[in-house]
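**Student:** The structure is given below, and queries will be raised subsequently.
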Amino acid sequence: MKKIFFMVLDVAENMSGLEYSAFLREQLFQQHLDLTPIVITNYYNPNLHKNKKLRQKENRISSSVSLLNMYDYFQQATDYADVDTGFSSELLSPFRSVSVPDTNDLRLYDSKGAVVAYCKRHDNSSVSFINYLNNGIVFRRETFDSRGFLSKIDRIFKQEDHELVHESFLRPNGTVAIAKDCKVIAGCATVQMIHLINEQGRLTNIFNTEKELVDFWLEELINANSDSTFIIDRCLEFYESLQRIKNKLTTATKPKLMPVIHNVHTAGDVLIGEVSKFYKDVVENISEPDATIVFTKAQKEDILQRFGNGNIQVIPHSYHRVEQTAPFEQRNPMKVVYLARYAPEKNHDLALDPFKLVVAS
């Protein structure tokens, strides 16, 4: 059966405008095309499903959204249902727990009165993670999925100038699905090796980087859904890999790839400026995608003029129609509203120069 995939990174506590754009498009597909896309994310996020529920309550994500995460896929937790486990004291046994003032958290003490663990809780009934300590140094962390199961165990080994961390990603039944070794220097983690492990505990695959793991997963998706469409909102992370995997296929029912260019594709002059790393693979091989989506006719013309022929479609940003607006005569003609996410890459200062002309006139 043909499927449509939207490729994003995460459903974070504070989602980016790009992710919101993809989820709004997903609603439009359901409402107006009677299609239900599958939204793909590849970040490990134990609060993924909690965040999804919060965004659904805000009507930012549809109630029937279909979400597929790479770690859920390998941990066999895609269809895992939320369970009302409540807070079990067995998690903290045999330690004595004491509430941390003004928080939901707990400190755990051994029989001699030494602090041996710190339990971080979302509320009084669900655990986020437990840090285990030896002489005040964390040597183990247990992370719980927001749906109620132990999802990840970190074993931390302190070295003189760095840490070695062994990460075990668990299935809901407690077996290890992914084992990852990382080296951490000054808070920056570098993956050393990743192992995929089956339910029988046997090693099935070895990867040296996170990208290799993602590429392996994407190839499995394509092989299982070859005659489908991938709309790629995160081009830097997904497009090159998907195109390379597609080119290897010899079947007639290859997937269709449609990258979305969400912002400017060059720095400075559009005809000679440096190409953005986010869209370099797309625009410099503009004839390869089945379609490339941009938001303005001007950007389409700029790309065609510089990079040659390609199937470029102009589809402006999706938006929710406002059903009620203030009567025109009640509007304040001297009031200006500027809506944008407050972040350096938005270059808000550039809006000031043209507004000088408005004020001067």
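The values are calculated or read from the model by the stated rules, or taken from the named source; none is laboratory data. All values reported here derive from a predicted model rather than from experimental measurement. Cβ atoms come from the backbone with ideal geometry, glycine included; neighbour counts cover every protein chain shown. Protein only, heavy atoms only, side chains kept; ligands, DNA and RNA dropped before computing areas. Shrake-Rupley method; radii C 1.70, N 1.55, O 1.52, S 1.80 Å.
**Student:** Only Lys, Arg, Asp and Glu count, each charged at its Cβ (+1, +1, -1, -1), so figure out the dipole size of the range 153-223 about its Cα centre, rounded to 20 debye. Before the final figure, lay out each step's value.
**Tutor:** Values: 7 positive and 12 negative charges, 45 e Å.
Result for the range 153-223 is approximately 220 debye, rounded to the nearest 20.
**Student:** With axes computed from alpha carbons, what is the tilt in degrees of helix 17-33 against the longest principal axis of the chain, rounded to the nearest 10 within 0 to 90?
**Tutor:** 70 degrees
**Student:** Would you work out which of Cys182, Phe328, Phe230 lies farthest towards the positive end of the dipole of the chain? Charges go on Cβ: Lys and Arg +1, Asp and Glu -1.
**Tutor:** Phe328
**Student:** Additional query: Where the only charges are on Cβ atoms (+1 Lys, Arg; -1 Asp, Glu), what is the dipole of the range 1-64 about its Cα centre, to the nearest 20 debye? List each step's numbers first, then the result.
**Tutor:** Numbers: 9 positive and 6 negative charges, 32 e Å.
Result for the range 1-64 is approximately 160 debye, rounded to the nearest 20.
**Student:** Normalised by the number of residues in the chain, what is the relative contact order in percent for Cα pairs under 8 Å and 6+ residues apart?
**Tutor:** Values: 605 pairs, mean separation 39.0, N = 361.
Relative CO of the chain lands at 11 percent.
**Student:** Next question, about the same structure. Cα axis of helix 210-224 to longest principal axis of the chain: angle in degrees, 0 to 90, nearest 10?
**Tutor:** Approximately 70 degrees, to the nearest ten.
**Student:** Using semi-axes √(5λ) of the Cα gyration tensor in Å as the read-out, say which of (i) 44, 26, 18; (ii) 35, 28, 23; (iii) 41, 28, 22 was calculated from these coordinates.
**Tutor:** (iii)
**Student:** Could you check what % of the DSSP bridge pairs in the chain are antiparallel, to the nearest 5? Walk me through the numbers before you get to the answer.
**Tutor:** On the way: 53 of 72 bridges.
Percent antiparallel among DSSP bridges in the chain is about 75.
**Student:** Further question on the same structure: About its Cα centre, how strong a charge dipole does the chain have in debye, to the nearest 20, once Lys and Arg get +1 and Asp and Glu get -1 at the Cβ?
**Tutor:** Details: 42 positive and 46 negative charges, 79 e Å.
Charge dipole, the chain, about its Cα centre: 380 debye, nearest 20.
**Student:** Here is a further query. How far, in degrees from 0 to 90, does helix 235-248 lean away from the longest principal axis of the Cα atoms of the chain, to the nearest 10?
**Tutor:** Tilt of helix 235-248: around 80 degrees.
**Student:** What ranking, highest mean first, results for peptides 11-17, 72-78, 27-33 when packing means the other Cβ atoms within 10 Å averaged over each residue? Working shown, then result.
**Tutor:** On the way: 11-17: 15.6, 72-78: 18.4, 27-33: 13.7.
Result, highest mean first: 72-78, 11-17, 27-33.
**Student:** Specify which residue in the list Val8, Thr209, Pro259 is farthest towards the positive end of the charge dipole of the chain, using unit charges on the beta carbon of Lys, Arg (+1) and Asp, Glu (-1), about the Cα centre.
**Tutor:** Val8
**Student:** Over the chain, what percent of the accessible surface lies on carbon and sulfur atoms, probe 1.4 Å? Walk me through the numbers before you get to the answer.
**Tutor:** Details: 10960 of 21160 Å².
About 52 percent, which is the carbon plus sulfur part of the accessible surface.
**Student:** Hey, which lysines would be in cross-link range of Lys112, C-alpha to C-alpha under 27 Å, not counting anything within fewer than 8 residues on its own chain?
**Tutor:** Qualifying lysines at Cα under 27 Å: Lys120, Lys158.
**Student:** On a 29 Å Cα-Cα criterion, which of the cross-link pairs Lys52/Lys280; Lys52/Lys300; Lys3/Lys280; Lys152/Lys183 come out too long? Could you put the intermediate results ahead of the total?
**Tutor:** On the way: Lys52/Lys280 31 Å; Lys52/Lys300 34 Å; Lys3/Lys280 27 Å; Lys152/Lys183 17 Å.
As for pairs spanning more than 29 Å Cα to Cα, those are Lys52/Lys280; Lys52/Lys300.
**Student:** When we measure straight from the Cα of Lys248, which aspartates and glutamates land under 14 angstrom away, once same-chain ones fewer than 8 places off are left out?
**Tutor:** Excluding near neighbours in sequence, the set is Asp215, Glu219, Glu220, Glu240, Glu288.
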